[in-house]
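Trainee: Have a look at this one before I ask anything.
Laboratory data are not the source of any read-out in this text; all were calculated from the coordinates shown. Bear in mind the structure is a predicted one, so any value in this text is a computation, not a measurement. Positions of Cβ are backbone-derived with ideal geometry, glycine not excepted, and every protein chain shown enters the neighbour counts.
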2 protein chains.
Amino acid sequence: MHDAALVLFSGGQDSTTCLAWALERFERVETIGFDYGQRHAVELECRPHVLALLRERFPRWAARLGDDHMVDLAVLGQISDTALTSTRAITLAQSGLPNTFVPGRNILFMTFAAAIATRRELPVLVGGMCETDYSGYPDCRDDSLKALQVALNLGMGQRFNFEMPLMWLDKCQTWALAHQLGGTALIDLILEQTHTCYLGVRSQRHAWGYGCGSCPACTLRARGYTAWLASAA
Amino acid sequence: MHDAALVLFSGGQDSTTCLAWALERFERVETIGFDYGQRHAVELECRPHVLALLRERFPRWAARLGDDHMVDLAVLGQISDTALTSTRAITLAQSGLPNTFVPGRNILFMTFAAAIATRRELPVLVGGMCETDYSGYPDCRDDSLKALQVALNLGMGQRFNFEMPLMWLDKCQTWALAHQLGGTALIDLILEQTHTCYLGVRSQRHAWGYGCGSCPACTLRARGYTAWLASAA
């Protein structure tokens, strides 16, 4: 029964690795993305290129890769604006989270994904949430997502299975997983086509890909890549 | 600590009763509504009238009733449209649910409400979900909502308390609760100002309020009102 999956696919390194992971396992794979006015919107522009190149360069996956669903969640920005009147919102902003940060954003993403997956008859939801490198976001935690699986299944009368293949991996292990799934062809595709940098910088090319090189996301990606190269040597 | 609440307020009988319930209990009460292209959009037009009349006719509540938040969830219609390509969606449509029906809609409402409540520092979320008369929607069930409380609290790092004062009441008992909270003044306000009819009919006035008189929502409202009148006599 569990032969089809919906992958939360942002166009970044993690979700591209998750997509490859799903394409290895499931007969039918669809993707979903969210446009919520994220600062790193360049990520969304990467999505169609990644999808096209996966089809072109991995014939065994091409037949399995189905529809891509884009959901307009501009409303998240609206909620953030509403919030800026309260003390708590200002505290959050000072902590360095982007203006469009909404508490429990991943809960919303999984719930919208489940709504689409119900209609498309996709019993598995795959997300790249990870405790190891992102402990600041409680909605990325394993406990949170397993509790959400139960709540969504009860509330929708469904039996979705959440798969989070990166949950316990660090960034080095995520690069290793990509290599295991798709060899150097997938590593090259991730380096060239995926986007991770929070600031949306695409003008600077490093060994580990494009980005400003100094934001937290770039730092994690670079450190993981270097560690993986060293371990693979 | 639990002195402030956010009430999911649609402008219908149930959520107006919940709002009165919250105004009796909490020092500070705010409201949230969702515009998702519902067929009974006339409900949304009732909202400001109900809020204004509550302030005008119940001085003890006026000082407690704070901001109203409207969230644009047109995206729910977008998701429904996406769905119409699948077999399951057509089955759902044939079952008589509106086109804009999204599985787990109340999960989304509670999650958006929690996001707003985080910013506004409102630790209690009040919703009019009810098992007794709406068993068709699994996201109205007590189990679903209690599981969701746990999932949201884990995912947001919060300690929200969901209150669902109508969960185990039938419509007769909901009328009785309104009377207990606000006497005949609240009953009159509910009869004149709130909207329940799925078809959005406002042209026909019955003893129990406005509506087509024959859709499931009107039937429930009318039957409950008649039963309550009989029991109160």
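Trainee: Could you identify which residue out of B:185, B:20, B:207 has the top mean-square fluctuation in a GNM of chain B using Cα springs shorter than 10 Å?
Mentor: In the Gaussian network model the winner is B:207.
Trainee: For each of A:206, B:179, count neighbouring Cβ atoms within 10 Å of the residue's Cβ, then give the residues from fewest to most.
Mentor: In increasing order of surrounding Cβ atoms, one gets A:206, B:179.
Trainee: In Å and on Cα atoms, what radius of gyration and Dmax does region A:9-79 show?
Mentor: Expressed in Å, the Cα Rg and Dmax of region A:9-79 come to 12.9, 42.
Trainee: About its Cα centre, what dipole magnitude does region B:95-233 give when the only charges are +1 on Lys and Arg Cβ and -1 on Asp and Glu Cβ, stated in debye to the nearest 20?
Mentor: 240 debye
Trainee: Then there is this: Add -39500 (n - 2.57) for each DSSP H run of 4 or more in chain A, then divide by its residues: what number comes out at 222 nm, to the nearest 500 deg cm²/dmol?
Mentor: -16500 deg cm²/dmol
Trainee: Give me a single rounded figure for B:156-162: the average over its residues of other chain Cβ atoms within 10 Å of their Cβ.
Mentor: For this peptide, the per-residue mean of nearby foreign Cβ atoms is 3.
Trainee: A further question on this structure: Please identify the DSSP H helices in chain B that span no less than 15 Å along the helix axis (Cα) and have a mean Kyte-Doolittle hydropathy of -0.5 or more.
Mentor: Membrane-span-like by this criterion, though nothing is claimed about a membrane: B:13-25, B:42-57, B:105-120, B:142-156, B:171-193, B:216-232.
Trainee: When you look at the Cβ of every residue in A:119-128, what mean number of other chain Cβ atoms sits within 10 Å?
Mentor: Mean inter-chain Cβ contacts per residue within 10 Å come to 3.
Trainee: For residue B:163, enumerate residues with amide H under 5 Å from its amide H, sequence gap 5+ or separate chain, H modeled in the peptide plane.
Mentor: For residue B:163, the qualifying residues are B:125, B:126, B:127.
Trainee: Please report the base-10 log of the normalised intensity I(q)/I(0) for the protein assembly as shown, using a Debye sum with one equal scatterer per alpha carbon and no solvent, at each q in 0.05, 0.09, 0.11, 0.13 (1/Å).
Mentor: With one equal scatterer per Cα and no solvent, log10 I(q)/I(0) is -0.21, -0.63, -0.89, -1.16.
Trainee: Normalised by the number of residues in chain B, what is the relative contact order in percent for Cα pairs under 8 Å and 6+ residues apart?
Mentor: RCO, chain B: 23 percent.
Trainee: Could you pull out every one of the lysines with an alpha carbon less than 20 Å from that of residue A:171, ignoring same-chain neighbours closer than 8 positions?
Mentor: Partners found: none.
Trainee: Please express the shape of region B:116-233 as an equivalent ellipsoid: the semi-axes are the square roots of 5 times the eigenvalues of the C-alpha gyration tensor, given largest first in whole angstrom.
Mentor: 30, 16, 14
Trainee: Tally the DSSP beta bridges in chain B and give the antiparallel ones as a percent, rounded to 5.
Mentor: Around 10 percent antiparallel, to the nearest 5.
Trainee: Could you list B:156, A:70, A:167 in order of exposure, starting from the residue whose Cβ has the fewest other Cβ atoms within 10 Å?
Mentor: By the 10 Å Cβ count, ascending: A:70, A:167, B:156.
Trainee: Any lysines with Cα under 21 Å of the residue B:146 Cα? List them, leaving off those in the same chain fewer than 8 positions away.
Mentor: Within the straight-line cut-off, residue B:146 pairs with A:146.
Trainee: When Cβ neighbours within 10 Å are restricted to other protein chains, what is their mean count per residue of peptide A:5-13?
Mentor: The per-residue average across the peptide is 0.
Trainee: Follow-up question, since we're still on this one. Starting from the alpha-carbon convex hull of chain A, give the projected area averaged over all orientations, in nm².
Mentor: Averaging across all directions leaves 12.5 nm² for the Cα convex hull.
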